[in-house]
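Heads up, the thing below is written out as structure tokens.
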């Protein structure tokens, strides 16, 4: 089962896939361009992983001082950064390197504290696609990755669909890829995660309680490139969804 | 079946059980903390700020997030995890956002603040500020908030912290490198602050440490007393 949350004609609705695009809870069938897409669930704590794909670690190794053997590199994001499918993310005028990150987003469905790896996936409600933007120009070596890089308004794009865990038998068997203006720039496979979904839940729940609606953004593979105003960025994960975002320049945001 | 799909899809962001007598009435659940805003905390690092891994002093505010599992009210018992010997007891002032702040200039920033409240941010002590593990900041119940919200001047308020009834630290909130107004301007430049969001003014240097069995209390004129203990 796939569900979305959209705004249409003055109200919020749940929606499911339909031959035309989507069907609202009141029966109306619509094309995906006709609605405003919101993040597909009520988002709690946003937990993100850095360097969780072996190839991405290699890609950034000149800049980084970690190896894949260290404790998982976890950081938190705030609700103000959330954006739905087909939204516009601001690219600041002075940025020279702003990049997308296509990630499998894991949504917690039952409270988890001290959960062992073997039981971890029972605490997952479902999955969606995330595009977790970064503006590298603002990177500073204090509480990395600092919020000015990773927690900008519109920098956590989620959707379009929330996919029930029951429909994803193995979260480590998914191919993912990103297209910029139709050209493939990133591809990877969740089997290459350094810490898989179950291990991440075991690790996180060892020191904090995970609650329903909390979401784990599981990191991105090799292949991040700079994107510019007007670019269309599509992050895609097999069986989960195809998440579209467009970059807007400062003038779009009145700056 | 453990999974409650309905809960994941429909639970609103769990608001802490802290209510105010006027708008914004309650907290949103978003708490943003600031490290190294106390000049003494930065000075304690000395020349290390220019050496690897930092390579340069911080330019933007050094921010961290206290997630919703950390939020607690007055009288909270904070459980010391088995792998931790003691908590650092960070006394600070929380700025409660009353009006949405997006790219506001410092001169207008305080108009976006509904009031202040007391906050005790308990952290697992850590010496490196390069890439501290979330483990140090995200322990369950480690962010005590309350009991009141009042329109005190954040730049002239003094916080008094006691441990087991003895004075432990006095924090002049106005000594911070970035004032409340400057902080809101610099943060809202890239992340919009919304009503009920809580922006912490900064952790003091040399914060006392507390271990299991100790009680603590934070007080300031007009803001009541925020008490808790480590269990």
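Within the stretch A:136-154, is even one residue in a strand (DSSP E or B) and either assigned by TED's automatic domain parsing to the domain that holds residue A:86 or surrounded by fewer than 21 Cβ atoms within 10 Å (Cβ to Cβ) (or both)?
Within the stretch A:136-154 (the criterion being in a strand (DSSP E or B) and either assigned by TED's automatic domain parsing to the domain that holds residue A:86 or surrounded by fewer than 21 Cβ atoms within 10 Å (Cβ to Cβ) (or both)), the answer is no, since none of the residues qualifies.
Residue B:126 satisfies every condition listed in (1) more than 13 Å from every other protein chain (Cβ to nearest Cβ); (2) in contact with a helix residue (DSSP H, G or I) (Cβ under 6 Å, 6 or more places away or on another chain) except (1). For residues that are more than 14 Å from every other protein chain (Cβ to nearest Cβ) and either touching a helix residue (DSSP H, G or I) at 6+ places or on another chain (Cβ under 8 Å) or over 30 Å from residue B:133 (Cβ atoms) (or both), scanning just the stretch A:206-225, find the one that is surrounded by the fewest Cβ atoms within 10 Å (Cβ to Cβ). It comes out as A:222. For residue B:121, the criteria (1) free of Cβ contacts under 8 Å to residues at least 60 places away in the same chain; (2) more than 12 Å from chain A (Cβ to nearest Cβ); (3) not in a loop (DSSP other than H, G, I, E, B) hold in every case but one, which is (1).
Take residue B:144 and tell me if it is surrounded by 20 or more Cβ atoms within 10 Å (Cβ to Cβ), part of a strand (DSSP E or B), away from chain A (no Cβ under 14 Å) and in contact (Cβ under 8 Å) with a residue 24 or more places away in the chain. Before the answer, list the steps.
On the way: surrounded by 20 or more Cβ atoms within 10 Å (Cβ to Cβ): yes; part of a strand (DSSP E or B): yes; away from chain A (no Cβ under 14 Å): yes; in contact (Cβ under 8 Å) with a residue 24 or more places away in the chain: yes.
Answer is yes for this residue.
From the list B:76, B:23, the lone residue that is more than 8 Å from every other protein chain (Cβ to nearest Cβ), within 30 Å of residue B:127 (Cβ to Cβ), surrounded by 14 or more Cβ atoms within 10 Å (Cβ to Cβ) and at pLDDT below 95 is B:76. Scanning the stretch A:120-151 for residues that are more than 8 Å from chain B (Cβ to nearest Cβ) and free of Cβ contacts under 8 Å to residues at least 12 places away in the same chain turns up just one, A:139. Taking residue A:170, is it in a loop (DSSP other than H, G, I, E, B) and modelled with pLDDT under 95? Spelling it out, it is not the case that residue A:170 is in a loop (DSSP other than H, G, I, E, B) and modelled with pLDDT under 95.
Considering each residue of the stretch B:81-96 in turn, none proves to be within 14 Å of the chain's Cα centre (by Cα), within 25 Å of residue B:28 (Cα to Cα) and within 14 Å of another protein chain (Cβ to nearest Cβ). For the stretch B:181-219, the set of residues classified as under 16 Å from the mean Cα position of the chain (by Cα), within 14 Å of another protein chain (Cβ to nearest Cβ) and in a loop (DSSP other than H, G, I, E, B) consists of B:196, B:197, B:202, B:203, listed by residue number.
Mind checking which residues of the stretch B:51-73 are within 11 Å of chain A (Cβ to nearest Cβ) and either in a loop (DSSP other than H, G, I, E, B) or surrounded by fewer than 17 Cβ atoms within 10 Å (Cβ to Cβ) (or both)?
Step one: list which residues in the stretch B:51-73 are within 11 Å of chain A (Cβ to nearest Cβ), which gives B:51-71.
If the condition is that a residue be within 11 Å of chain A (Cβ to nearest Cβ) and either in a loop (DSSP other than H, G, I, E, B) or surrounded by fewer than 17 Cβ atoms within 10 Å (Cβ to Cβ) (or both), then B:51, B:52, B:53, B:54, B:55, B:56, B:57, B:58, B:59, B:60, B:61, B:67 are the ones that fit.
The values are calculated or read from the model by the stated rules, or taken from the named source; none is laboratory data. Because the structure is a prediction, the values reported are computed rather than measured. Here the Cβ is made from the backbone with ideal geometry for all residues, glycine too, and neighbour counts use every protein chain on show.
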